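Peer 1: I have a structure I would like to understand better, so I am pasting it below and will then ask my questions one at a time.
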Amino acid sequence: MSYDFDLFVIGAGSGGIATARRAAQYGAKVGIAEYDRLGGTCVNRGCVPKKLMVYAAHFSDYFNESQGYGWSVGETSFNWEKMITAVNNEVNRLNGIYQRMLDNSNVKVFESRGKFVDSHTIAIGDEKVTADKILIAVGGHPVKPDTIPGIDRAITSDDIFHLKEQPKRMVIIGGGYIGVEFACILNGMGTEVTQVIRSDKILRGFDDDLRSEIQEAMQRHGIRILTNKPKIALEEGEDGINLKIHGEKEETIATDVVSLAATGRIPNIADLGLENTQVEVVNGAVAIDAYNQTAEKHIYAVGDCTDRINLTPVAIQEGRAFADTHFGGQSRQMSYENIPTAVFSDPEAATVGLTEAEARDKYGDAIKIYRSKFRPMYYTIPNIQEKTLMKLIVDTNTDKVLGAHMVGDGAAEIIQGVAIAVKMGATKANFDATVGIHPSSAEEFVTMR
Ligand code: NDP
C-alpha cells in the first residue's frame, strides 16, 4: 500500500520538529501538523521565554552586588512591558527560524490540528493525509486542580508571558519547577511573592539537601513560602483576589488579580481521535514501549504526551532515536539513566543521577556522601551571604559516582559537564584525578574530601 508520507508527525514542538527533520535528513517523505505556533511549549511558553525572564530578574542582584566592586549605580527602574515585549519578539524570531529549518529540510508543514481518522489517516482541517508511520508529539498543558475552590481565578504559566502589567503581589500555588522558577523571577523583578505548597518542602523528587537549600535561600531573598497548606481557596477580594488558607490557623492573603496555578501538566490528547486507533492511553498519557511504540505497531509517541520525563531534551532524544531506528538504519533506544536537569531558581540548582534517598534505597549503607558548602569568591567583596552547595553520592563498593547535585551560580552549566562523567560511569577516583580550574566554584567537584 502506498501512503502520502513515510512519516507524519502530529505536533511541531521540540520533539516533533527534531524527529521530522532527522527523518527527512535520512530521505523520508515527512509531513507535520501544528495548529499553534511552531516550537511548542518550550519555545513559545516555556523554557525559552522563561529563561529570558530569569536573565531579566537577575539585574536587581547585579546592581546591588556591583557596589561592593566600586560601582555606583544610579536610580534603577524596571519596565515590565518593555521586558515582556522583548521576550515575545525573541520568541517570534525563533518561530521564523523553526519555519525556515523545516522548509530547508523539505518537511511539509500543515498549519492545522491533526486528528486520527483511522490508524493510517490523519485529518488536518478539511484535508486528509495518509502515512506509513505516525508520530504523536502533541505535548501537554498546565492543569488547574479542581480540588481548589476558585482555582479558575488563577492564571497558568502560559498566561504569564502575556500579562500587560507587572503584578505588585502574586500568589503562586505549587512548589514544582514552574512554581519555584516563577516565584524567583517575579521576586527578582520586585513583585511581592507568596508561594503556597501543600507539603513541607518545594521540589519533591529532588535531593533533600537541595530542596532545603533552595527553599531557605528563596525565603532569605524575600519570598514568603507557606508550607503544609493542603486546604486553600481563591475568592474574590475587595482589592483583587483573596487566598484563603484553611486549617488550624485560618489566614487570608490579598493578592492582585493574578495568582499562578503551577500545579503540574497533562498530555494534550483529548481531541486527537485516538479512539479511532488501537493506541492505548494509561493515566491520561499515550502508552509506549522502550522504542516509543504504541499498541499500534506503526504509531509512535515522544515527549510530554507520554508523561514520563517531561523535559525538552528528552523529547528531542526520544524523537531522534526513533528516526535513527526507523529511517536511519541504526536501532537505538533512548537511555533514561542519568538525565541531568536544572531548576532556574535563584539560586540556580542542577542535578544528575540518584538523590541520596534513592541511593540509600538501592545501595543501603554502601554509599558515601561528599558535601561542600561555601561562599563563592564573587560574594566576598560585596559581603553577601550567598552560599553554593555541592554534593556527590558515591557507591563505596565500586567507587562510582551515583549522583551529583548543586545549588548555586552556574549550576546548570557546571552539572552539564559533570553529567558526561556520571553518564560514562566515572568513579570518585576519576573525579579526584581531574585537575580543577582555579579559581572557580566548579573545581570543588574534583576536590571534595
Ligand atoms: P510539577 O509536577 O513539577 O509540580 C507540581 C506542583 O504542584 C507540586 O509542588 C505539587 O505538589 C503541586 N500540586 C499538584 N497538585 C496540587 C493540588 N491539587 N493542590 C496543591 N498543590 C498541588 O509541575 P510543574 O507544573 O511545576 O512543571 C511541569 C513539568 O514541566 C515539570 O515536571 C518538568 O518536567 C517541566 N518543567 C521543567 C523545567 C526545567 O527543566 N527547568 C521548567 C519548568 C517545567 P506536591 O509536590 O505535593 O505533589
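Peer 1: Pairing the Cα long axis of helix 312-327 with the longest principal axis of the chain, what angle in degrees results, from 0 to 90 and rounded to the nearest 10?
Peer 2: It is inclined by approximately 30 degrees.
Peer 1: If the cut-off is 16 Å between C-alpha atoms, which lysines fall inside it for residue 133, apart from same-chain ones fewer than 8 positions away?
Peer 2: Within reach: 29, 108, 115, 297.
Peer 1: Sticking with this one: Give me the tail of P(r) for the chain as a percent: Cα-Cα pairs with distance above 33 Å.
Peer 2: Working: 44175 of 100576 pairs.
More than 33 Å apart: 44 percent of the Cα pairs in the chain.
Peer 1: Show which lysines lie in cross-link reach of residue 368 when reach means a straight Cα distance below 22 angstrom and same-chain residues fewer than eight apart are skipped.
Peer 2: 391, 400, 423, 428
Peer 1: Something else about it: Using +1 at the C-beta of Lys and Arg and -1 at the C-beta of Asp and Glu, which of 11, 84, 406 has the Cα lying farthest in the positive direction of the dipole of the chain?
Peer 2: Final value for the positive-end residue is 406.
Peer 1: Straight-line reach only, C-alpha to C-alpha below 18 angstrom: list the lysines that residue 50 could link to, leaving out same-chain residues fewer than 8 apart.
Peer 2: Here the lysines satisfying the reach criterion relative to residue 50 are 82, 164.
Peer 1: Among 174-181, 370-377, how do they line up by average Cβ neighbours within 10 Å per residue, starting with the highest? Spell out each step's value before the answer.
Peer 2: Values: 174-181: 24.1, 370-377: 14.4.
So the order, starting with the most tightly packed, is 174-181, 370-377.
Peer 1: Please work through the chain and write down the cysteines that have no neighbouring cysteine Cβ at a distance under 4.7 Å.
Peer 2: When partners are defined as cysteine Cβ atoms under 4.7 Å apart, the chain leaves 184, 305 without one.
Peer 1: Are any of the pairs 201/373; 144/387; 249/373; 201/249; 144/201 more than 26 Å apart by Cα-Cα distance, and if so, which?
Peer 2: On the way: 201/373 20 Å; 144/387 35 Å; 249/373 36 Å; 201/249 19 Å; 144/201 20 Å.
Table pairs above 26 Å Cα-Cα are 144/387; 249/373.
Peer 1: What relative contact order, as a whole-number percentage, does the chain give when Cα pairs under 8 Å and 6 or more residues apart are counted?
Peer 2: It comes to 16 percent, rounded to a whole number.
Peer 1: Tell me the Kirkwood radius of region 104-195: reciprocal of the mean inverse pair distance over distinct alpha-carbon atoms, in Å.
Peer 2: Its Kirkwood hydrodynamic radius stands at 17.0 Å.
Peer 1: Grab the beta carbon distance between residue 275 and residue 366, set R0 = 41 Å, and tell me the FRET efficiency rounded to 0.05. Each step should come with its number before you reach the end.
Peer 2: On the way: r = 49 Å, r/R0 = 1.20.
After rounding, the FRET efficiency stands at 0.25.
Peer 1: What 222 nm value per residue comes from the helices of the chain, counting each DSSP H run with n ≥ 4 as -39,500 (n - 2.57) and dividing by all residues, nearest 500 deg cm²/dmol?
Peer 2: On the way: 11 runs with 135 residues, N = 449.
Taking each H run of at least 4 residues, the total per residue is -9500 deg cm²/dmol.
Peer 1: Shifting gears a bit: If each Cα of region 174-258 is one equal point scatterer, what is log10 of I(q)/I(0) from the Debye formula at q = 0.11, 0.12, 0.23 Å⁻¹?
Peer 2: -0.30, -0.36, -1.20
Peer 1: Let me ask another. Translational D (Stokes-Einstein, µm²/s) of region 234-288 at 4 °C and 1.567 mPa s when Rh comes from the Kirkwood sum over C-alpha pairs?
Peer 2: Details: Rh = 14.9 Å.
Taking Rh from Cα pairs, D becomes 87 µm²/s.
Coordinate-derived values only; no laboratory data. These numbers were taken from a predicted model, which means no experiment stands behind them. Methodologically, a virtual Cβ is constructed for each residue, glycine included, from the backbone with ideal geometry; neighbour enumeration extends over all protein chains shown.
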